[in-house]
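Single-structure report; data block below.
The values are calculated or read from the model by the stated rules, or taken from the named source; none is laboratory data. Since we're looking at a predicted model, the values are computed, not measured. Please note: Cβ atoms are built from the backbone with ideal geometry, for glycine as well, and neighbour counts cover all protein chains shown. Quick note on the areas: whole protein, heavy atoms, side chains included, nothing else; ligands and nucleic acids left out. Shrake-Rupley method; radii C 1.70, N 1.55, O 1.52, S 1.80 Å.
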Amino acid sequence: MQRNMVNLVELAHAVDLIGRYAPRSVIDKALRSAGLDRAMLSGTTGFIPYASEAVLLETVARTIGDRHLGARIGRDFDYSAYGAYSHFVLGAPDLASAFDRGRRALLFTHPGSEIILRETDTHLVVGRNSEGLSVIGHQHLDEGALFVIGRVAQHFLGPDWRPDWVEIPNASANETEELERLVDAPVRIGSQMPAIAIRRTDLSALNPGVPEQRRTISLKELGALMGIAPVQTVANTVIQILQITFATGLASEHAVAHLLATGPRTLQRALKAEGTSFRQIRSRFVEERALSLLSETDTPIEDIAKVLGYSEPRSFRRVFKGWTGLSPSAFRAANSQG
């Protein structure tokens, strides 16, 4: 089971940029179609399924009649929105090193995808591989990726730099004219992934800014700076989704499977292969969230019980005592005393 994900910072920034082309009502409806909500995009770090971003873009694009909405969002995308990741990549001493850093650290922005480098006699073709994804709206993310990759090259080669050509998997010949105008470069169709071509002689271009200190930050340190841990298992993915969707209620197994663009049975099999189940993960998540809410907030116990899915506070108290040996009120009192 694939675990292609996207960092929430990208999704939140993309939603802001879509607002330049579509009314809020259209975006909100598209978010709901993708199983998302604006409340999930604020004050939370982590990942959301890649498929959800694709469905969001496709739904908006169909509503407003824009075949190349993904390209427009990519053109407007502010690379600095990635925070510590962008500093890590753009702090490299030269362009070749920047692409290497981006390739190694991609798990913090797009877990499940990878940067692929292909050399020709004269060029380095840099692409983002998300092979195997056949989700609705995938072409919008492919077109947007051309610009995001290009932002790295422009940092070292200047804002007027353009690739010698770009490659795109899914486009017909009659659709390339508008895309060529947007990317300002020839478009080659039928490739395995979205990619841009950079002259090999340009790879030695030095950082025009002040390079970072020579000590190379580790990926563990980068994750700490970004406030996230890479998604490495299906169980990790489910936990991420529960954390993000918690703002609008505790997600069901069916809802999590829907966000992953799969069925509940497929999700069950994938979790079983990892020695766990959705029920176990959800129970552990509820326990950890209960402990956090009781120790870090003054939220009434009745409200905590409700938000965690217990219609009766009495049921929550009984389950909580099974976890800790204490009632919720006793746990809160003991925690407040030190």
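Summary table below
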{"read-out": "Residue-level accessible surface for T176, protein heavy atoms, 1.4 Å, Å²", "value": "20 Å²"}
{"read-out": "Solvent-accessible area of L326 with every protein chain in place, 1.4 Å probe, in Å² to the nearest 10", "value": "70 Å²"}
{"read-out": "Fraction in percent of alpha-carbon pairs per bin - 10 Å, the stretch 200-324", "value": "10, 31, 26, 15, 11, 5, 1"}
{"read-out": "For D164, distant residues with modelled amide H under 5 Å away", "value": "A197, R199"}
{"read-out": "DSSP loop GluC sites (Glu not before Pro) with at most 16 other Cβ within 10 Å excluded, longest remaining stretch of the chain", "value": "1-130"}
{"read-out": "CD proxy at 222 nm, helix term only [per DSSP H run n ≥ 4: -39500 (n - 2.57); per residue of the chain; nearest 500]", "value": "-15500 deg cm²/dmol"}
{"read-out": "Correct choice for P(r) over Cα pairs in 20 Å bins from 0, in percent that was computed from the model, options [x] 24, 49, 25, 3; [y] 27, 42, 21, 9, 0; [z] 28, 52, 18, 2", "value": "[z]"}
{"read-out": "Neighbour net charge for L182 - beta-carbon separation under 12 angstrom, K R +1, D E -1", "value": "-3"}
{"read-out": "Approximate spin-label separation E221-K306, in nm, with each point projected 7 Å along Cα-to-Cβ", "value": "4.7 nm"}
{"read-out": "Loop-located trypsin sites (Lys or Arg not before Pro) in the stretch 1-46, at most 13 other Cβ atoms within 10 Å (DSSP)", "value": "R20"}
{"read-out": "Virtual spin-label span in nm between T120 and D78, 7 Å along Cα→Cβ", "value": "3.5 nm"}
{"read-out": "Degrees separating the helix 264-273 axis from the principal Cα axis of the chain, which is the longest one", "value": "90 degrees"}
{"read-out": "Cut-off 11 Å between beta-carbons: net charge of the residues surrounding A330, Lys and Arg +1, Asp and Glu -1", "value": "+3"}
{"read-out": "Neighbourhood charge, 13 Å Cβ-Cβ cut-off, centred on L294 and excluding it, Lys, Arg +1 and Asp, Glu -1", "value": "-2"}
{"read-out": "Under-5 Å amide H pairs with F47, H placed in peptide plane, nonlocal only", "value": "L8"}
{"read-out": "J(HN,Hα) series, the stretch 46-54, from Karplus relation 6.51 cos²θ - 1.76 cosθ + 1.60, nearest Hz, glycine and proline x", "value": "x, 10, 10, x, 3, 4, 5, 5, 5"}
{"read-out": "Solvent accessible area, Å² - Y310, 1.4 Å probe, full protein context", "value": "50 Å²"}
{"read-out": "Derived scalar couplings ³J(HN,Hα) [the stretch 197-207; Karplus, 6.51 cos²θ - 1.76 cosθ + 1.60; whole Hz; x for Gly, Pro]", "value": "9, 10, 5, 4, 5, 7, 5, 8, 4, 7, 5"}
{"read-out": "Efficiency of FRET from Cβ geometry, T297 and D164, R₀ 56 Å, rounded to 0.05", "value": "0.50"}
{"read-out": "Whole-number percent relative contact order across the chain, with pairs defined as alpha carbons under 8 Å at least 6 apart", "value": "19 percent"}
{"read-out": "Cα-based shape type of the stretch 22-141, given that a ≥ b ≥ c are square roots of the gyration tensor eigenvalues and the cut on a/c is 1.5", "value": "prolate"}
{"read-out": "Estimated vicinal HN-Hα couplings, Hz - the stretch 76-93 in sequence order (Karplus 6.51, -1.76, 1.60; Gly, Pro = x)", "value": "8, 5, 9, 4, 5, 4, 6, x, 4, 4, 5, 5, 4, 6, 7, x, 5, x"}
